[in-house]
Structures are given as C-alpha cells and as structure tokens.
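Since the structure comes first, as structure tokens, the remarks are kept for the end.
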Amino acid sequence: MSVHKEIKRVTTHVLAEMKRNGEKIAMLTSYDYSMAKLVDQAGIDIILVGDSASNVMAGNETTLPITLDQMIYHGKSVVKAVNRSLVVVDMPFGTCSGNPLESLNAAIRIMKETGADALKIEGGKEIITDIKKIIDAGLPVMGHLGLMPQSINKYGTYTVRAKEDVEAQKLIEDAILLEETGCFAIVLEKIPAELGERVAKQLKIPVIGIGAGGGVDGQVLVIHDMLGISQSFSPRFLRRYLNLADEIKGAVGHYVQDVKSCDFPNEKEQY
Ligand code: KIV
C-alpha cells in the first residue's frame, strides 16, 4: 500500500512508515523557488537543498566554497515554494567539524532562518558528538556516508567508496552509530550495491542511495543532472530523464534569431 498518496505533508515519521511498508522514497535536489515549486507539485517525498549548489548554481569545482549564508539563501527560497515535501538543507563544509557548540549554532541558524524541516550532515564517528548535540537540541538530522564530496581533498578522487572490507566495515559501523545517535535517515553515496542493500536491511531508519544500488530504501539525484542541464557529468548511476541543455539552447537560439530578424515582437506582442 502506498503511504505517500494520501499524506498532505511528508514528515520524518511518514518516511519511517514508508520504510516499514516497503514503499521507496524519492528525493531530488532543488536550490531555488521556481524549481522547488515544480518538484514539490510533481510529488517528490524529500527536497534536498544540497551543497551541490556550489557546483551547479555557483560553478565551483567542489562543494567546499559554499558558505552558510549562501546555503541559508537557497534553503529559504526552496522552503517558500514547498507545500508537501520534507525539505532538508545540507550543512556546508566547515560548519560541523568537531566543535559541537559551533555546529549547533550553525544548525540552528539554518533551521531558524530557512524554515527547513531537517539538516543533512556528511560524516560518521569523527563528528558524532556534533551530530548528537544537534539532535539532542531537537533538530532532525539525515546522515551522509560513502563518498562524501566535502572530503574530496582527503580522498583525491570521486571513485566508488567502500569497495575494500576495511572501509565497508567502517561504513557499516558509522551507519549503526548514526542510527543509534538518532538520525532519521542516511544518504549513502557511490558504494557497491551489495553494501547499500546490507546497510538498508540492517537499519530501521530509511537509507537513501545515490549510486548505492536498488536495494536501499530510496533514491536521490541532483536535479540538474537528471534533467540533463549539466552536460559534462555522466557517472554510471545517473539516469537522465530529459535533455534540457539541448532544449534550452534550441529555444534561446530561436529567440536570438527572432530578435535579429525583427520577427519578435510581432503586432500582438506589443502595446
Ligand atoms: O549536495 C548534494 O546534492 C548531495 C546529494 C548528492 C546527496 O549531497
């Protein structure tokens, strides 16, 4: 039975129920009002205001440069548009890294100033005291393990994570720790499908995958990638549902032609 059809508003409680009922959770990113409105109306369960805004909105090579104020700006714009989806905002690089009080202050700023429903934080055991502090203060947290783009300078590569036993075991332990600490869900990025399924089976909270196979409880993609707006990013896990880059360039080219040839505006398009 589908939980999702009848509900007016997706909450962390609804997500837990979806997992219990075996209903997959659909999550996408959005960063602005207009896109978030469409995504919400289309029936997505979770909208992630991801720090991937750093790449797709600001043109940075990594997620590291985006600031707390910039994440708050994107979060606020998205929240205004949304009626039904659960809105999760990423804590940007450097705002949750070993000083629990500072992390809590950043988390409170995001929740207070955006009106979002929850936060997402990259990392496991190393920052668990920060995560605990935030959850204990009543703020819902989604964990993020596997490939963690905020640690790109440590890894040096965006290849599949946790292929080796030691790293896989650490990921499982971190996932259990995040659940025990009170996270309401976890994102697993770019790991072997078998490991994703194993973690999803072991945890009671929903596990949402991006490049983590079909055995997890839900999927997330970056909206610019799945709509075919970003052109150079084509990992194996990405399914493109549109080729918007070509559509947009075609439409803009047509407009340029119409302006140059004085076809636009015509008589009906002026006062
Ligand atoms: O920032 C982001 O878009 C993310 C997803 C890739 C999960 O963290």
LEU221 fails exactly one of (1) in contact with a helix residue (DSSP H, G or I) (Cβ under 7 Å, 6 or more places away or on another chain); (2) at pLDDT 95 or above; (3) not small (Gly, Ala, Ser), namely (1)
Restricting attention to segment 14-59, which residues are crowded, with 24+ Cβ neighbours inside 10 Å and either among the aromatic types (Phe, Trp, Tyr) or in a helix (DSSP H, G or I) (or both)? LEU15, TYR31, ALA36, ALA53, SER54
Out of all the residues in segment 96-103, is one or more away from the ligand (no atom under 16 Å from the Cβ), part of a helix (DSSP H, G or I), at pLDDT 95 or above and hydroxyl-bearing (Ser, Thr, Tyr)? yes
Segment 63-83, residues that are in a loop (DSSP other than H, G, I, E, B) and surrounded by fewer than 17 Cβ atoms within 10 Å (Cβ to Cβ): LEU64, PRO65, THR67, ASN83
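In this structure, does ARG161 turn out to be away from the ligand (no atom under 15 Å from the Cβ) and either part of a loop (DSSP other than H, G, I, E, B) or surrounded by fewer than 23 Cβ atoms within 10 Å (Cβ to Cβ) (or both)? First the steps, then the outcome.
Values: away from the ligand (no atom under 15 Å from the Cβ): no; either part of a loop (DSSP other than H, G, I, E, B) or surrounded by fewer than 23 Cβ atoms within 10 Å (Cβ to Cβ) (or both): yes.
So ARG161 fails the test.
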If we keep just the residues of segment 216-247 that are hydrophobic (A, V, I, L, M, F, W, C) and over 16 Å from the mean Cα position of the chain (by Cα), which is farthest from ILE46 (Cα to Cα)? ALA245
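Here is a yes/no grid of residues against (1) surrounded by fewer than 19 Cβ atoms within 10 Å (Cβ to Cβ); (2) modelled with pLDDT of 95 or more; (3) in a loop (DSSP other than H, G, I, E, B):
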{"site": "GLY143", "(1), (2), (3)": "no, yes, no"}
{"site": "LEU177", "(1), (2), (3)": "yes, yes, no"}
{"site": "GLU180", "(1), (2), (3)": "yes, yes, no"}
{"site": "ILE186", "(1), (2), (3)": "no, yes, no"}
{"site": "ILE191", "(1), (2), (3)": "no, yes, yes"}
{"site": "GLY196", "(1), (2), (3)": "no, yes, no"}
Sole residue being within 15 Å of the ligand (Cβ to nearest atom), part of a helix (DSSP H, G or I) and modelled with pLDDT of 95 or more, chosen from ILE110, ILE134: ILE110
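The values are calculated or read from the model by the stated rules, or taken from the named source; none is laboratory data. Quick caveat, the model's predicted, so the values are computed rather than measured. In this analysis, Cβ positions are derived from the backbone assuming ideal geometry, glycine residues included, and neighbour counts consider all displayed protein chains.
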